[in-house]
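What follows is a short report on a single structure.
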Amino acid sequence: MPMASARGLRMYYELRGSGPPLLLVMGWRANLDWWPRALLAPLEARHRLILFDNRGAGRTGDPGGAFSIAQMADDAAALLDALDVPRAHVFGVSMGGMIAQELALRHPARVDRLVLACTHAGGTQAMAPDRAMRRAWLRVVGTRWGLERRLSYLLFSKDVQSEQPELWRDFAAVVGRARISEWASAKQFLAIARHASHRRISEIRAPTLVLAGDGDLMVAPKNAEWLASKIPQARLEVVPGAGHALLHEHALRIDGLLGEFLGAQST
């Protein structure tokens, strides 16, 4: 397995494709297997993809102690150092979007263009769940479903659950690989709860694409609007009907947006 030593942490990573480097940062409980194949295939035709497992997730170790979003951003920067990549485009989803924000704030010279999907800036700014989100969460609380089954219900939009069950089945198979420990999962969750970049978000100078699905049951879409309004060079794209699993549900649409945004001349 390809492993890199980053700040004393043994990090699992994979490199795919060729072209300008694109660092892909996954979210809570997730590892690099969670990136949808339908999106990775066209991306690796245009980019050198750098995929990795965050600390405690997948095949990257848990070094002990509490986790923080800033710490995981420093891990990502250290991985770029280990791979001799001075600067890359960065694409973070959900918790990975929080890590990507911190990477752009703490290591601005390392980030060329920034893509933030289905995420928020935390702190007092984080938008509260709307009525549809609260109903969905109440439906899964107290059920006998396992955590991954409950997450699948919240991640995917209703239309996908009924009309594209193969996406649901494929995702269920992926989340069974290299499962995160419940202890590391809890530490990542606490890192998300403590995340607060909202007072510094306007300091991001990288051109930024903010993505959201208007049917997201995990992160209120209004968070994307707020991010795009505060980051100086930001553009917002909201996909109608899409859930938190936006990249799975609309891989071709997202690839088109990324091709247009990342293909633009860097600043």
Residue-wise, which Karplus ³J(HN,Hα) couplings in Hz belong to the stretch 58-67, taking 6.51 cos²θ - 1.76 cosθ + 1.60, θ = phi - 60°, and x for glycine or proline? x, 9, 8, x, 9, x, x, x, 6, 9
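Which FRET efficiency, nearest 0.05, do E163 and F189 yield, Cβ-Cβ r, R0 30 Å?
On the way: r = 31 Å, r/R0 = 1.03.
The formula returns an efficiency of 0.45 here.
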Distance in nm between R177 and V85 label points, each 7 Å along Cα→Cβ, equals 1.9
Please list, in chain and number order, the residues 5+ apart from G19 or on another chain whose amide H is under 5 Å from its amide H, with Hs placed from the backbone. R48
Rounded to the nearest 0.05, FRET efficiency between R149 and E14 (Cβ-Cβ, R0 22 Å) equals 0.20
Tell me, how many Å apart are the Cα centres for the stretch 39-103 and for the stretch 6-20? 8
Connecting C-alpha atoms closer than 10 Å in a GNM of the chain, tell me which of V141, V238, V210 has the biggest fluctuation. V141
In whole Å, what are the Cα extents of the stretch 1-128 along the three principal axes, biggest one first? 40, 30, 28
Please list, in chain and number order, the residues 5+ apart from R235 or on another chain whose amide H is under 5 Å from its amide H, with Hs placed from the backbone. T208, L209, V210
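Rolling a 1.4 Å sphere over the protein heavy atoms, what is the accessible area per residue of the chain, to the nearest Å²?
Values: 11480 Å² over 267 residues.
Accessible area per residue, the chain: 43 Å².
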For the stretch 204-267, what's the radius of gyration and Dmax over Cα atoms, in angstrom? 12.0, 35
Considering only protein heavy atoms and a 1.4 Å probe, what is the carbon-and-sulfur percentage of the accessible area of the chain? 53
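Based only on Cα atoms, what Rg/Rh ratio does the chain have, Rh being taken as Kirkwood's radius?
0.93
The values are calculated or read from the model by the stated rules, or taken from the named source; none is laboratory data. Remember, it's a predicted structure, so these values are computed and weren't measured experimentally. We place every Cβ from the backbone using ideal geometry, glycine too, and count neighbours over all the protein chains shown. Note: accessible area is taken over every heavy atom of the protein model, side chains too, but ligands, DNA and RNA are not part of it. Shrake-Rupley method; radii C 1.70, N 1.55, O 1.52, S 1.80 Å.
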